[in-house]
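*Asks:* Below is a structure I'd like to ask you about.
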Amino acid sequence: MKKISVIVPCYNVAEYLPWCMEHLLRQTIGIDNIEIVLIDDASTDDGATKEVILAYEKQYPESVIAVLLDQNRKQGGARNVGISYAGGEYLMFCDADDWLAPLAMEAIYQTAVHYNADVTEYRYKVVTDYTEIEEKIEEGNGSNIVVFSDKEAKRNMLMVSTDEFSFGCMRKMYRMSLIKEHDIRFAEGLICEEPSFTLPVRIYEKRHVFIDAELYYYYQRPDSTVHRNWDANKLDNVKVWLLLMEDVKRRGEFTDYEKELEYMFYEWGFGLSISMMLYKGYLLNAKEITILKNILFCMFPDVLKNPYVLEKKDKWNIILKRILEQKTELTQDDINGLQQELTIVLQEKNRRCKEED
């Protein structure tokens, strides 16, 4: 059994994949200990991505698995296919235009084994140009371990979203047996899909380790999913959270964490959907906001009585609650006024975050 399986979804990335692969193949843990699953997610670049993937499989048949999809399933679907092929002791994800520091896998694996961790998380560095790369890894003294001894301990951490304990699926290594035993998978055909995987992981994991070191390089290119036009995907985020709630109920875990999940749907399903539209510069539409509002109330009719929601007194949440408390149907004039308020608050939040960084 390989020590680590790393899944790399690929869609029109012939230009970027060699750089990613170079850094995977020269990991200090040794290529014999790594399984790289390359998923061509029905690329439309006249076979260029497929050709690169097949060349790597031919060159490294013991370490590279090429999977060619005939239908685009977006990153969530591609990762799910990758999981079905992965056979390593631990599991990682790497985007085809990102890369890992040379010693990353060795350091992460040793830490996971030493602490018997179900999830090992680490920091990343955002770069906009390959020339920004530095061989020296930035390290801090904030490494820590979180042990979930019971459901109350899990309840206290379930809603946490920080650099040390994030809802993103990247810059983490997972115990494979945890993923396969609980059949944890991503929502497919949607963007913003990562919480559909990481929240169930959080429910089941018992030991979570954070390594305070930049081991993952995130290349922020202008044509990535995060930056391209989202006209067709405005409601994908709330759809992911709807699927996620159904999944948690199916698992029989909903009752134990109902108040926490209710708050998360309010904060991350409803509120984040609105903030993403603002972030992208969209004009909020009364119909779309009404849809979001109705979805929230349909799922959680008493959300405004939720203790976590009641605790929120900041400007952003005051405006969100005002939207939810309005009994009459929202008009476009209502939404235009709210958009101005929300945009100002969001700009203030972003400014504060940059100052803190």
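The values are calculated or read from the model by the stated rules, or taken from the named source; none is laboratory data. Remember, it's a predicted structure, so these values are computed and weren't measured experimentally. Neighbour counts run over all protein chains shown; Cβ positions are idealised from the backbone, glycine included.
*Asks:* Where residues in segment 54-110 are in a helix (DSSP H, G or I), out of contact with any Cys (no Cβ under 9 Å at 6 or more places or on another chain) and among the basic types (K, R), which of them is surrounded by the fewest Cβ atoms within 10 Å (Cβ to Cβ)?
*Replies:* K58
*Asks:* Among residues belonging to segment 117-139 that are at pLDDT 85 or above and assigned to a loop (DSSP other than H, G, I, E, B), point out the one that is surrounded by the fewest Cβ atoms within 10 Å (Cβ to Cβ).
*Replies:* The extreme case among them is D118.
*Asks:* Next question, about the same structure. Considering only residues that are among the polar types (S, T, N, Q) and surrounded by 14 or more Cβ atoms within 10 Å (Cβ to Cβ), look in segment 12-53 and name the one that is nearest to W99 (Cα to Cα).
*Replies:* Within segment 12-53, the match that is nearest to W99 (Cα to Cα) is Q27.
*Asks:* If we keep just the residues of segment 278-287 that are in contact with a helix residue (DSSP H, G or I) (Cβ under 8 Å, 6 or more places away or on another chain) and of a type outside the set (G, A, S), which is farthest from L346 (Cα to Cα)?
*Replies:* Step by step, filter segment 278-287, then rank; the result is N285.
*Asks:* Out of all the residues in segment 266-318, which are in a helix (DSSP H, G or I), within 22 Å of the chain's Cα centre (by Cα) and of a type outside the set (F, W, Y)?
*Replies:* If the condition is that a residue be in a helix (DSSP H, G or I), within 22 Å of the chain's Cα centre (by Cα) and of a type outside the set (F, W, Y), then E267, G269, G271, L272, S273, I274, S275, M276, M277, L278, L292, L296 are the ones that fit.
*Asks:* Which one of D70, D46 is without any contact (Cβ under 8 Å) to a residue 12 or more places away in the chain and assigned by TED's automatic domain parsing to the domain that holds R175?
*Replies:* D46
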